[in-house]
1. When the helix-only estimate is applied to the chain (DSSP H runs of n ≥ 4, each -39,500 (n - 2.57), divided by the residue count), what is the mean residue ellipticity at 222 nm, nearest 500 deg cm²/dmol?
2. Using Cα springs under 10 Å in a Gaussian network model of the chain, which residue among His14, His148, His266 shows the largest mean-square fluctuation?
3. Helix by helix, which DSSP H runs in the chain go 24 Å or more along their axis at the Cα atoms and have an average Kyte-Doolittle hydropathy of -0.5 or more?
4. Once you have the Cα-Cα distance between Glu225 and Asn34, take 0.36 nm times their residue separation minus that, and quote the gain in nm to one decimal.
5. Largest first, how would Cys114, Cys245 line up by accessible area (1.4 Å probe)?
6. Please work out the FRET efficiency for the pair Leu12 and Asn150, using the Cβ-Cβ distance as r and a Förster radius of 35 Å; give the result to the nearest 0.05.
7. If R₀ is 22 angstrom, what is the calculated FRET efficiency for the pair Lys107 and His266, using the beta carbon separation as r and rounding to 0.05?
8. Among Thr202, Thr263, Thr216, which one shows the biggest mean-square fluctuation in a GNM of the chain, springs joining Cα atoms closer than 10 Å?
Amino acid sequence: MEISNAERTEVLVHALPYIKEYNNKIVVVKYGGNAMINEELKNAVMNDIVLLSLIGIKVVLVHGGGPEITETLKAVGKETKFVDGLRVTDEETAQIALMVLAGKINKNLVNLICQTGGKALGLCGLDAQLIRAKMKDERLGYVGDITHINEYPILDILEKGYIPVISTVGYGEDGKVYNINADTAAARIAGKLRAEALISMTDIDGILRDKDDPSTLIREINASEAPELMREGIISGGMIPKVECCIDAIRRGVKKVFIINGTIPHSILIETMTDEGIGTMFL
């Protein structure tokens, strides 16, 4: 479909209030799910992030990489076990997670952002002691519970005009490497930065009153309403820990948190630059 110059201009004018709202503000994007696996979606996400950066929004990209860790463990003959949805992580697995997350995935994303026309620098929780953690549960091994975020390296990188790309491994006072859930890390980082918004990319549209009916999307939820939605079973299963991270971010000072469907191309722009948005917003 051809778009006229007048229509293009109308789109830009419509986006202007949102550009003003977010200009020079910090927006943390938690990147995961199928949007990390599908190359077309990955390119769309990176284009969105670069565009936001170029119009004066300070974007921080926080990523996981569970499927690639699983593949690497399988390649070296290690079995993957989960307890309560979290990967059981011995010392060798923690080192493999570090290699995959802070090495392969992180640097590939940095490269892709730069190829797209942006400026990015990769970090992990070990750099400048960015993410301090302790053992969450002895049953899980080296899975980290965050005890401190050092926000200053992130702020320094933002101040110099770069997009920080952060992989979620942390360090412990015991000198060990800890694997950390990306949703949890993104919420804590956004809170520490007093971000204007946290955008959590998932593989579903957001919070649905009826999980089988996309038209029942709840577009806005006050953080205080979430526990009741959990009791009613509207928020259930794997969405519970994601929503708990959203609530945690709000309580730590983030103004708005969005859960959006990352499998829809340019969902970040649709959520941040239009009236309707695309997912569920927590306030």
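The values are calculated or read from the model by the stated rules, or taken from the named source; none is laboratory data. If you're wondering where the values come from, they're calculated on a predicted model, not measured in any experiment. Neighbour counts run over all protein chains shown; Cβ positions are idealised from the backbone, glycine included. To get the accessible areas, we keep the full protein, side chains included, count just its heavy atoms, and leave off ligands, DNA and RNA. Shrake-Rupley method; radii C 1.70, N 1.55, O 1.52, S 1.80 Å.
1. Per the formula, -11500 deg cm²/dmol.
2. In the Gaussian network model the winner is His14.
3. The answer, listed by residue number, is 5-22.
4. Full extension of this stretch gives 65.9 nm more.
5. Ranked from most to least accessible, the order is Cys114, Cys245.
6. Once rounded, the FRET efficiency stands at 0.40.
7. E(calc), rounded to 0.05, equals 0.35.
8. In the Gaussian network model the winner is Thr216.
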